[in-house]
1. Can you list the residues, at least 5 places off or on another chain, whose amide H is less than 5 Å from the amide H of Leu132, using H built in the peptide plane?
2. Please report, in cubic angstrom per residue, the volume enclosed by the convex hull of the alpha-carbon atoms of segment 3-71.
3. Given a Förster distance of 25 Å, report the FRET efficiency between Val60 and Met3 from their Cβ-Cβ distance, rounded to the nearest 0.05.
Amino acid sequence: MSMTEKVAYLKGLADGLAIDESKPESKLIKSIIGVLDDMAAAVDAIDEDIDEVCEQLDAVDEDLGELEEFVYDEDCCCGCDDDDYDDFDDDEDEDEDDYYDVECPDCGEVITIDSDILEEGSIECPNCGASLEFDVEEDEADE
């Protein structure tokens, strides 16, 4: 039985008692029943609003679940399959250059070079113009 139905039942009981409206107690009982009726209507309206909000929240939760599956794939954090992710990770490692500090023997200037320049074998010192040559020997462990 809903709250509105319970208040309607109380109204029926009060009407069945044939309460004399001239007495102060009768006015109090009728006023209390009137307030209960208003409160029951307000509670019913709130219940309806809560039900609607719950339905909307469930729809948003389902949409969010689908989005999470798309964005946070179980296999990978970026949504690609494992093979693509492994290739992506390897590409990142290849893009990272190693940098080396080289001191020019003529002017003493310290020059930072990357592995590409080191592989070329030589460079001119930007400070004094002297030719710097590099002899790169790879360790067997690096191969």
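1. Ile123, Glu124, Cys125
2. Per-residue hull volume (Cα only) is 62 Å³.
3. The computed FRET efficiency comes out at 0.30.
Here, each number is a calculation from the coordinates, and none is a lab measurement. All of these numbers come straight from a predicted model, not from anything done at the bench. Please note: Cβ atoms are built from the backbone with ideal geometry, for glycine as well, and neighbour counts cover all protein chains shown.
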